[in-house]
Amino acid sequence: MTTRAARPDVQAFIRANLPVSAVPSIPEVRLHLAGPRSGLRRLAERDDDFGAPYWAHCWGGGLALARHVLDHPDCVAGRRVLDLGAGAGLVGIAAAKAGAAKVIAADVDPYALAALELNAALNGVALTPLLDDLTRGPPPAVDLVLVGDLFYDRDVAERVVAFLDRGLAAGVEALIGDPWRAYLPTARLRALADYSIRDFGEADGATSATVFAFEPAPAAVMGGPSPP
Ligand SMILES: C[S@@+](CC[C@H](N)C(=O)[O-])C[C@H]1O[C@@H](n2cnc3c(N)ncnc32)[C@H](O)[C@@H]1O
């Protein structure tokens, strides 16, 4: 585990090739985002471990959750927040702007850490970057986990749900923003608000994403599993 990405070469590439852009429906935040001439392939060609560059784009779930946090600052104000799967850092930056006491921005991709460090500085907020897969362990010392668009993969989704359950058991709440991806754990969610957003990859305009509270499993609510 490391708390800093320490990739000045990557950050120089991002500065030079991913223009600072307005974030659709989040005018409070600007990000380095990929455009048609960013040439991300040049980064991929020099690194066999280069994965999908999620960190170079805005995603529907994160857009909805960032909008929600900025419109409802009480949900984060004065609280210690974890942005899980932070990508470019949009959700964590929104939480910091809305008054969170501390924001840990965690991702498994070192390129995401490089990008979110730049984006935090660009927006004048402090994030604590963390390069780690937190889903494999106990929750860190936070009050709230924010999950923007992490339910696109079955394995990741299952581990995130287990992680959030360990959080609930430790008194850590969770909010999820998602455009209804395939592995969204709908049975565990209570919808709070719908947002009209522009998801990456949706060429033809606005779509919607929902912000949810993560709820205890029914058996946990009833005090344990039902007898046979
Ligand atoms: C679709 S992007 C969403 C990024 C951001 N939350 C947003 O909404 O804009 C998913 C991000 O989750 C990260 N990710 C995937 N599995 C993860 C894990 N187990 N722990 C932390 N981050 C993870 C990916 O590297 C990627 O940056």
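Restrict the check to segment 197-214 and report whether at least one residue is at pLDDT 95 or above, surrounded by fewer than 19 Cβ atoms within 10 Å (Cβ to Cβ) and either within 14 Å of the chain's Cα centre (by Cα) or part of a loop (DSSP other than H, G, I, E, B) (or both).
Keep residues of segment 197-214 that are at pLDDT 95 or above, which gives 209-214.
From the residues that got through so far, the ones that are surrounded by fewer than 19 Cβ atoms within 10 Å (Cβ to Cβ) too are 213.
Applying the additional criterion that residues be either within 14 Å of the chain's Cα centre (by Cα) or part of a loop (DSSP other than H, G, I, E, B) (or both) yields none.
Scanning segment 197-214, I find no residue that is at pLDDT 95 or above, surrounded by fewer than 19 Cβ atoms within 10 Å (Cβ to Cβ) and either within 14 Å of the chain's Cα centre (by Cα) or part of a loop (DSSP other than H, G, I, E, B) (or both), so the answer is no.
Give me the pairs: first residue in segment 51-75 and assigned to a loop (DSSP other than H, G, I, E, B), second residue of a type in the set (D, E, K, R), beta-carbon distance under 7 Å, and six or more apart or on different chains, which are they?
Qualifying pairs under 7 Å: GLY51/ASP109; TRP59/ASP149; TRP59/ASP199.
Under the condition of being more than 13 Å from the chain's Cα centre (by Cα) and within 15 Å of ARG15 (Cα to Cα), which residue from segment 37-55 is farthest from the ligand (Cβ to nearest atom)?
Residue satisfying both the conditions and the ranking: ARG37.
Report yes if LEU184 is in a strand (DSSP E or B), within 13 Å of the ligand (Cβ to nearest atom), among the aliphatic types (A, V, I, L, M) and surrounded by 15 or more Cβ atoms within 10 Å (Cβ to Cβ), otherwise no.
Against the criterion (in a strand (DSSP E or B), within 13 Å of the ligand (Cβ to nearest atom), among the aliphatic types (A, V, I, L, M) and surrounded by 15 or more Cβ atoms within 10 Å (Cβ to Cβ)), LEU184 does not qualify.
Of all the strands (runs of 3 or more DSSP E) wholly in segment 80-168, which have at least 1 residues that are surrounded by fewer than 22 Cβ atoms within 10 Å (Cβ to Cβ), within 11 Å of the ligand (Cβ to nearest atom) and touching a residue at least 12 places away in the same chain (Cβ under 8 Å)? So that I can check it myself, show each step before the final result.
Working: elements: 80-84, 102-107, 128-131, 144-148.
By residue number, 128-131.
Could you tell me which residue of segment 13-32 is modelled with the highest pLDDT, considering only residues that are small (Gly, Ala, Ser) and not in a strand (DSSP E or B)?
Of segment 13-32, the ones small (Gly, Ala, Ser) are 16, 21-22, 25.
With the extra rule that they be not in a strand (DSSP E or B), the set shrinks to 16, 25.
Numbers: ALA16: 97, SER25: 93.
Checking each candidate, the answer is ALA16.
Would you mind finding the one in LEU43, LEU63, LEU31 that is aliphatic (A, V, I, L, M), within 20 Å of LEU131 (Cα to Cα) and crowded, with 23+ Cβ neighbours inside 10 Å?
Sole residue among the options that is aliphatic (A, V, I, L, M), within 20 Å of LEU131 (Cα to Cα) and crowded, with 23+ Cβ neighbours inside 10 Å: LEU31.
I want to confirm something. Restricting to segment 56-84 and keeping residues that are of a type in the set (A, V, I, L, M) and over 14 Å from the mean Cα position of the chain (by Cα), which single residue is nearest to SER208 (Cα to Cα)? Give the derivation first.
Here is the first cut: in segment 56-84, the ones of a type in the set (A, V, I, L, M) are 56, 63-66, 69-70, 76-77, 81-82, 84.
Okay, now just the ones that are also over 14 Å from the mean Cα position of the chain (by Cα), so 70, 76-77.
Values: LEU70: 17, VAL76: 23, ALA77: 26 Å.
Taking the candidates together, the pick is LEU70.
If a residue must be farther than 23 Å from GLY137 by Cβ and among the basic types (Lys, Arg), how many such residues does segment 161-191 contain?
2
The values are calculated or read from the model by the stated rules, or taken from the named source; none is laboratory data. What you see is a predicted model, and the numbers here were worked out from it, not measured in a lab. Backbone-built Cβ (ideal geometry, glycine too); neighbour counts: all protein chains shown.
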